[in-house]
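Okay, structure first, notes after.
The values are calculated or read from the model by the stated rules, or taken from the named source; none is laboratory data. A quick note: this is a predicted structure, and the numbers were derived from the prediction, not measured. Positions of Cβ are generated from backbone atoms using ideal geometry, with glycine treated the same way; all protein chains shown enter the neighbour counts. In case anyone asks, the SASA skips ligands and DNA or RNA and just uses the protein heavy atoms, side chains included. Shrake-Rupley method; radii C 1.70, N 1.55, O 1.52, S 1.80 Å.
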Amino acid sequence: VSGVAFRVPDDRVDGCLWKALQSTCARKGTKKDQRLVIADSKQLYHCREDLHQLERPVLVLLGASGKTPRTWRGLLDKVSPEAAPQLDSYPWYSVKDFPIPAGEGVGDLPTRTNAIRHDLDENGIELAGIFCDPMPEAHFNGLVEKIGNKSLLVMGRVLRLVDRIIHCCTGGEVRICVDHLGGRVRYREPLQTAFPHFALEIVEETPDRSAYRLRDKSRTCNVEFKVKGEQDSFAVALASMCSKYIRELYMRAFNDYWCRQHDG
């Protein structure tokens, strides 16, 4: 589960980040177009040979925020500090660390990072953080057994990230877009449970969009759960790519371990 937070000027809160950053980012890519493609991870990644389609944008955006991890565990330390201690519980994840980029064809990352950093600065936009919450298999299975419901487990992890983002964004209005979670339409109860210190107002509850307003003494947080959120939100699309990329790095460690157990 991943989330991405941007700080933008007040006059850009209703704007499109794809449009604002069109010099360096695009929704779709071509062989001639050298811009970073930010889109739903399912559109970009189909097999291991496509890893650079995820790796390049994720590492470039991280670099633009001042974070340049060189290894898998170094990446986890940047985006999910709680993840690394979990790895030692698993023989296949406790293996020796490996360097990133892990794929072929990522290109010149520093040059791309400088370009998008300049684009962000020109538009007064700041990448405030990339937050990830990977759950290894035994941890996931244990939580499912404890909670008794996979959808409630996912909801809880999503709201953990929402809480991290709200605490990261200490000033001004906060807008949060979450990709739709299954067939759920009503999110009032889990939001109230997760954020009891906020007053909650239901803005809209429809099959395509469920929107809420959370208020405390100092600020307002608008939260919406939207079908195909990655098509409308640059941040949701990038979060989707982060999740898929980190999952594939876990799978690399997993596969490498088992390949060493049996030659060929």
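Condition first: open to solvent by 50 Å² or more (accessible area, probe 1.4 Å) and either in a loop (DSSP other than H, G, I, E, B) or modelled with pLDDT of 95 or more (or both). Now tell me which residues in region 147-171 satisfy that.
Those that are open to solvent by 50 Å² or more (accessible area, probe 1.4 Å) and either in a loop (DSSP other than H, G, I, E, B) or modelled with pLDDT of 95 or more (or both): Gly148, Asn149, Thr170, Gly171.
Could you tell me whether Gln231 is of a type in the set (S, T, N, Q), open to solvent by 50 Å² or more (accessible area, probe 1.4 Å) and closer than 19 Å to Gly3 by Cβ?
Details: of a type in the set (S, T, N, Q): yes; open to solvent by 50 Å² or more (accessible area, probe 1.4 Å): yes; closer than 19 Å to Gly3 by Cβ: yes.
The answer is yes for Gln231.
Being at pLDDT 95 or above and farther than 23 Å from Phe140 by Cα is true for just one of Arg186, Arg213. Which residue is that?
Arg213
Do any residues in region 67-93 that are in a helix (DSSP H, G or I) have Cβ atoms under 6 Å from those of residues that are surrounded by 19 or more Cβ atoms within 10 Å (Cβ to Cβ) and of a type in the set (Gly, Ala, Ser), where the two are at least six apart or on different chains, and which pairs are they?
Close Cβ pairs (under 6 Å, with a partner that is surrounded by 19 or more Cβ atoms within 10 Å (Cβ to Cβ) and of a type in the set (Gly, Ala, Ser)) amount to Leu76/Ala83.
Mind checking which residues of region 16-50 are under 19 Å from Lys228 (Cβ atoms), of a type in the set (Gly, Ala, Ser) and outside any loop (DSSP other than H, G, I, E, B)?
If the condition is that a residue be under 19 Å from Lys228 (Cβ atoms), of a type in the set (Gly, Ala, Ser) and outside any loop (DSSP other than H, G, I, E, B), then Ala26, Ser41 are the ones that fit.
State which residue is nearest to Val223 (Cα to Cα) when the search covers only region 1-60 and only residues that are β-branched (Val, Ile, Thr) and surrounded by fewer than 16 Cβ atoms within 10 Å (Cβ to Cβ).
Val13
Only one of Ala199, Ala138 is touching a residue at least 24 places away in the same chain (Cβ under 8 Å) and surrounded by fewer than 17 Cβ atoms within 10 Å (Cβ to Cβ); which?
Only one candidate passes the filter, namely Ala138.
Does Gly182 satisfy being on the phi > 0 side of the Ramachandran plot and in contact (Cβ under 8 Å) with a residue 24 or more places away in the chain? Let's see the steps before the verdict.
Details: on the phi > 0 side of the Ramachandran plot: yes; in contact (Cβ under 8 Å) with a residue 24 or more places away in the chain: yes.
Considered against the rule, which asks whether it is on the phi > 0 side of the Ramachandran plot and in contact (Cβ under 8 Å) with a residue 24 or more places away in the chain, Gly182 comes out as yes.
Conditions first: (1) surrounded by 14 or more Cβ atoms within 10 Å (Cβ to Cβ); (2) farther than 20 Å from Ile246 by Cβ; (3) among the polar types (S, T, N, Q). Thr113 passes all but one, so which condition is the exception?
So Thr113 meets the others, but not (2).
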